[in-house]
Amino acid sequence: MTRPRRHDDAGQAFPIYITVVAGLLLLAFAYLAVGQAAANRNGAQTAADAAALAAAQETRDQLAGDWLEVVSDPTKWQDILDGDTAVFDGCWRAYELAAQNDANVQGCGPAEPLGYKVEVETEKTVGDSIVPGTEDVRSKASAIAVIEPLCTFDLPGEDSDDGDGNDPLPLPQLTCEDQNWDPDPEDPITLPEPEDLFDVHLAD
């Protein structure tokens with residue numbers, strides 16, 4: 001009876017083993033490359049979101065300052081709440097926030113109806129991988145942040161006292177979401193903060 005040739009069988013199996021291991025390593029490196037690219041894209045989107053929000057918050061604060069300057073004249077409130085006095089000079093904040101998130105701003109400007117659109121590119125590349133050319137690839141992303149007024153009010157009649165047309169209008173109550181404000185220019189506690197007047201959020 002002939003004995004099994006175990007040595008020959010082992011020799012035949014070894015190349016198959018090497019092929020399987022090489023295939024698994026190649027698959028692992030492919031998954032790593034995909035993960036690197038996904039992480040880079042996520043970083044770009046985070047930077048774009050933060051940059052757009054920062055720019056919009058800068059203009060929100062400017063609008064809130066405009067409102068404080070005319071708080072005694074409620075006829076001017078609505079224009080400010082509508083964003084008619086907005087000055088879109090907040091892109092410098094977008095550059096700051098993008099840099100803090102390892103990205104560079106490629107574009108920044110006003111977006112409809114009232115906000116900013118920011119485009120960024122990551123400083124870091126995807127890095128070396130089994131995918132040719134990824135070592136120089138940088139991820140890009142964009143985001144839009146919107147400034148939304150939160151307050152409403154009812155403008156009082158033009159004459160509040162004797163009807164001679166020279167009396168100042170009483171200041172109306174502001175309703176900002178679930179909170180009411182009775183503004184008094186002489187009492188800072190009665191004056192809402194920028195985040196009470198306007199909400200800043202990413203566009204859907």
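When a footprinting reagent is the concern and you count Cβ atoms within 10 Å, what order do Lys140, Lys117 take, fewest first?
Lowest count first: Lys140, Lys117.
Counting other C-beta atoms within 10 Å, which of Ile80, Ile144 has the fewest, and how do the rest follow?
Ile144, Ile80
Read-outs: derived from the displayed coordinates by stated rules, not from any lab. Only a predicted model underlies this, so the values are computations on that prediction, with no experimental measurement involved. Because the Cβ atoms are built from the backbone with ideal geometry, glycine has one as well, and the counts that use them run over all protein chains shown.
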